[in-house]
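**Q** This is the structure I have questions about; it appears just below.
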Amino acid sequence: MAERDCILVTGGTGIVGTELVRVLLLQPEAPEVVVLLRGAASAREEKQAWLLDALGLPARPERLIFVSGDVTAPGLGLEAAVGDALAARLTRVIHSAAVTSFRQTPERAFLNNVQSTRNVLELAGRCRRPAGVLHVSSAFVAGGRTGRILEDDLDASTRFLNEYERSKLLSEQVARDAMAHLPVCVLRPSIVVGRREDGWVARFHGIYQVWELFHRGLVGLFPGDPEQPLDVIPADWLAEAIAHLALRRFRPGTTYHLCAGKERSLTVAEIVPYVISVLAEEDPEFARQKYPLPMAVPWDAFATFLETMELTGHRRLRILARQMHSICDTLMTNKVFDTAHLDADLAGAGVPLSRARDWLAPSIRFAARRHWVDPTRRPDGGARA
Amino acid sequence: MLEPSTCGLTALGYHLPPEQRSVEDLAHAGLVSSTAERLRKFGHQFCRVAGDTPVEVLAREAVADLQRRSGFDLTKVDLVVYGAGLATSQVVDPGHGYGWMQTTNPSPLLKFPGPKLAASLSLSVPVIGVSQLACNTLQGVMRVARGLLAAEPPLRNILMVVADRLPPQANRELVYTVLSDGACAAVMSRRSERHRLLSCAQVTRGGYWDNEGSRDQLIAHYFPLARQAFEDALAGAGLKAADLKMVIPHNLNLKSWEVLAKVLGVPIEKVFTRNIAAHGHAVAVDNLSNYVDAVSEGALLPGDKVAWFVNGFGAHWSALVMEV
């Protein structure tokens, strides 16, 4: 009888990792899922309890194993015996841990996203059986490039819009270099939002910050092309796709855009009124305000606006304008992610994705109902996971 | 029945008090919130201050300027529409701690500058007041005048006057813009060969009535609502932005116009921004004073199409299109 798969998931309490753990535990092949948790014992306990709650599990299933560690530390910060045990049992490593803030220093971004990848690959290299590594990168390693981006493209000379993008490209280079001696594939999600059914997602990052500013009536202008598609994917679909590629269709040496692609994406001109209409349905007070639709304007117009807000010296106005610029600079640079590899390997897998209009609303509602405090946060802003 | 496009302005004039104060003066006197350096970066250098001159005298001076420029015979005026952007008797009750609310004598609150102006001009014609439009008052007055001409055939010429003066100790800065005192006057006539009003549009968002409480939203939504009013006015005239010879601004700070011009799709060179530095923002007067200056210096010629734009607390965004 074949041994059961044993999968290490890093970033198990993150946007991708939380949903991935849930989906892996629901797989018929029933792999063991090892989740690496960072921090002191009390913090790990809290994270563990949070994750079980997030997974809707009253108690920890046998197949779910928590280990103490830190992806940024040598040997993942594992106790020696734990490291040895994992090296003996692991069949897959899904490295989804990353710090996604656009405002990290280069040093922090390197440690969080590049060194961590090296550490994960080092553990994979120690495994007794060749453990396939699925490195969760980002579609935004394309940086400031525009137009159609192919899955095999990786251009280190591109203009990076923030340290997150740069560090994700460097980490992907590390993963690609390792393909010479390890079975590694690279997964590049685009903008991840909540589950299609109920909108649940662990963290409100990236596009959620824009939606929140819409909800608060604090956005009039943002930079971007109205006709640009905005590639958004639901966390549950992403997790199912990763599970399929990990368990049933693992192809080392392949890079995948885990993206919706142009046809299933809404354009900027479509998504703005869509989001506003969902917020208006969800929140009568917002509907009553009848805020004007935020406008996509050319980059030079927004640059002048940003410069003007800087001149005001008004802290809140400056922060708001900078925040919009930073997010839009990353998410709204006009590009289309090609998905040829993904389409081929998901064919017949039963992991379909329809147009965003069909499933996006629950994500907006979920966040608005929580007043934009994500599930990893306490109402007072403190971290739970 | 009146064809709206046949009515227009047959006489125009304005008055800004001669006393100029620099942004440095104002900052030194504590009459602005920002530093002088910041206000200069926003394109402001001076404002005009009326001192002790009553607002109705400013109004009278504007009418005198109108007469000097056009020679218009005031005996042909059938009605006066008088507007003021700062209407202390019209504001939402600010509570008992606010000075004029403590008055025990309501009579001063019932003495109006419009009738007084009419009397000083020896005009025995009806006077109608327009308020609550702040900087949009002139465009509101023009809209009312046009409507009256359309509705009441005996009316031929309506004298429109708008005047404002801030209290002497008032802070003269709002939203990085320096405020001036001043007045303007124009006659809207049933038939005019020049300065014909082709269309006008107004967007009001009462949700921003509390301009301090909704400041961030107001700043955020300024540009989209400005574009809405501008495009509505253009559509009403059957024109596109490219058809305009010029955009006549209110003298909000220059930086805001640099952004707005891009949002409207109009080159900033087409926006008559020359007076922002020297005049400051004279509440509801700017559109007309800028228009008069642009015509006087030959920057606008008969047949040219221009758009006026203004935003004011309330909050209102207004635009109109004229044929010079």
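**Q** I need to check one value: relative contact order of chain A, counting alpha carbon pairs closer than 8 Å and at least 6 residues apart, in percent. Walk me through the numbers on the way to the answer.
**A** Numbers: 732 pairs, mean separation 73.1, N = 385.
For chain A, the relative contact order is 19 percent.
**Q** Taking θ = phi - 60°, what integer Hz values does the Karplus form 6.51 cos²θ - 1.76 cosθ + 1.60 yield along the stretch B:277-287, in sequence order, with x for Gly and Pro?
**A** 5, 8, 9, x, 9, 8, 6, 9, 8, 3, 4
**Q** Still on this structure, please answer the following. How about the stretch B:17-74: which GluC sites (Glu not before Pro) there are in a DSSP loop, with at most 14 other Cβ atoms within 10 Å of their Cβ?
**A** Values: sites: B:E19, B:E24, B:E37, B:E56, B:E61; in loops: B:E19.
Loop-located and lightly packed - B:E19.
**Q** For the residue pair B:E231 and B:R274, what label-to-label distance in nm results when each label sits 7 Å from Cα along the Cα-to-beta-carbon direction?
**A** For the pair B:E231/B:R274, the computed spacing is 3.2 nm.
**Q** Each residue of the stretch B:8-21 in turn: what ³J(HN,Hα) in whole Hz from Karplus with 6.51, -1.76, 1.60 and θ = phi - 60°, glycine and Pro shown as x?
**A** x, 8, 9, 7, 9, x, 8, 9, 10, x, x, 6, 9, 10
**Q** Quantify how strongly other chains surround peptide A:216-226 by giving the mean number of their Cβ atoms within 10 Å of each of its Cβ atoms.
**A** 4
**Q** So what is the accessible area of the stretch B:26-68 per residue, in Å², with the probe set to 1.4 Å?
**A** Per-residue accessible area for the stretch B:26-68 comes out at 46 Å².
**Q** Enumerate the amide H contacts of A:E32 below 5 Å, restricted to partners 5 or more residues apart or on another chain; note that Pro and chain-start residues carry no placed amide H.
**A** Result for A:E32 returns A:D5, A:C6, A:I7.
**Q** When you have a sec, figure out the Kirkwood radius of the stretch B:196-323 from all distinct Cα pair distances and drop it here in Å to one decimal? Present the calculation step by step, with values, prior to reporting the outcome.
**A** On the way: mean 1/r = 0.0681 Å⁻¹.
Hydrodynamic radius (Kirkwood, Cα pairs) of the stretch B:196-323 is 14.7 Å.
**Q** Across 20 Å bins from 0, what is the distribution of all Cα-Cα pair distances for the protein assembly as shown, in whole percents?
**A** Result returned by the calculation: 16, 39, 24, 16, 4, 0.
**Q** Which of the lysines could be linked to B:K245 by a straight reach, that is with a Cα gap under 26 Å, when you skip same-chain ones fewer than 8 residues away?
**A** Here the lysines satisfying the reach criterion relative to B:K245 are B:K255, B:K262, B:K270, B:K305.
**Q** Roll a 1.4 angstrom probe over the protein heavy atoms and tell me the percent of accessible area of the stretch B:196-323 that is carbon or sulfur. Present the calculation step by step, with values, prior to reporting the outcome.
**A** Working: 2020 of 4000 Å².
Percent of accessible area from carbon and sulfur atoms in the stretch B:196-323: 50.
**Q** Across peptide B:38-48, what mean number of C-beta atoms from other chains lies inside 10 Å of a residue's C-beta? Can you show the working numbers first?
**A** Numbers: counts 3, 0, 0, 5, 3, 0, 0, 0, 0, 0, 0.
Rounded to a whole number, the mean comes out at 1.
**Q** Still on this structure, please answer the following. Quick one: what are the phi-derived ³J(HN,Hα) couplings along the stretch A:120-126, Karplus 6.51/-1.76/1.60 with θ = phi - 60°, whole Hz, x for glycine and proline?
**A** 5, 5, 5, 5, 4, x, 7
**Q** Please give me, ordered by residue number, the trypsin sites (Lys or Arg not before Pro) of the stretch A:253-312 that lie in loop per DSSP and have at most 12 other Cβ atoms within 10 Å.
**A** Here the trypsin sites (Lys or Arg not before Pro) that fit, given the DSSP loop and packing criteria, are A:K290.
**Q** Given the DSSP H assignment, sum -39500 (n - 2.57) over each helix run of at least 4 residues in the protein assembly as shown and divide by its residue total; what's the result at 222 nm in deg cm²/dmol, nearest 500?
**A** Helix contribution divided over all residues of the protein assembly as shown: -11000 deg cm²/dmol.
**Q** Taking only C-alpha pairs under 8 Å that are 6+ residues apart, what is the relative contact order of the stretch B:210-318 in percent?
**A** Normalised by residue count, the contact order of the stretch B:210-318 is 37 percent.
**Q** Modelling each spin label as a point 7 Å along the Cα-to-Cβ direction, I'd like the B:A64/A:R103 distance in nm, to one decimal.
**A** Rounded to a tenth, the inter-label distance reads 5.7 nm.
**Q** Find the centroid of the Cα atoms in the stretch A:125-179 and in the stretch A:252-294, then give the distance between the two in whole Å.
**A** Here the two parts' Cα centres lie 26 Å apart.
**Q** Relative contact order of the stretch B:1-84: what whole-number percent is it, with Cα pairs under 8 angstrom and at least 6 residues apart?
**A** Across the stretch B:1-84, relative contact order equals 41 percent.
**Q** Return the percentage of antiparallel bridges among DSSP beta bridges fully within the stretch B:4-189, rounded to the nearest 5 %.
**A** Rounded to the nearest five, the antiparallel share is 70 percent.
**Q** Follow-up. How do B:97-104, B:130-137 rank on mean C-beta neighbours within 10 Å, highest first?
**A** B:130-137, B:97-104
**Q** What are the principal axis extents of the Cα atoms in chain B, in Å, biggest first?
**A** Its Cα atoms span 51, 49, 36 Å along the three principal axes.
**Q** Evaluate peptide B:212-223: per residue, the Cβ atoms of other protein chains within 10 Å of its Cβ; return the mean as an integer.
**A** If you average over the peptide's residues, the count of other-chain Cβ atoms is 6.
The values are calculated or read from the model by the stated rules, or taken from the named source; none is laboratory data. The shown structure was predicted, so the numbers you read here are calculated from the model rather than taken from an experiment. When we count neighbours, we look across all protein chains shown, and the Cβ atoms used for this are built from the backbone with ideal geometry, even at glycine. Only protein heavy atoms, including side chains, enter the accessible area calculation; ligands, DNA and RNA are left aside. Shrake-Rupley method; radii C 1.70, N 1.55, O 1.52, S 1.80 Å.
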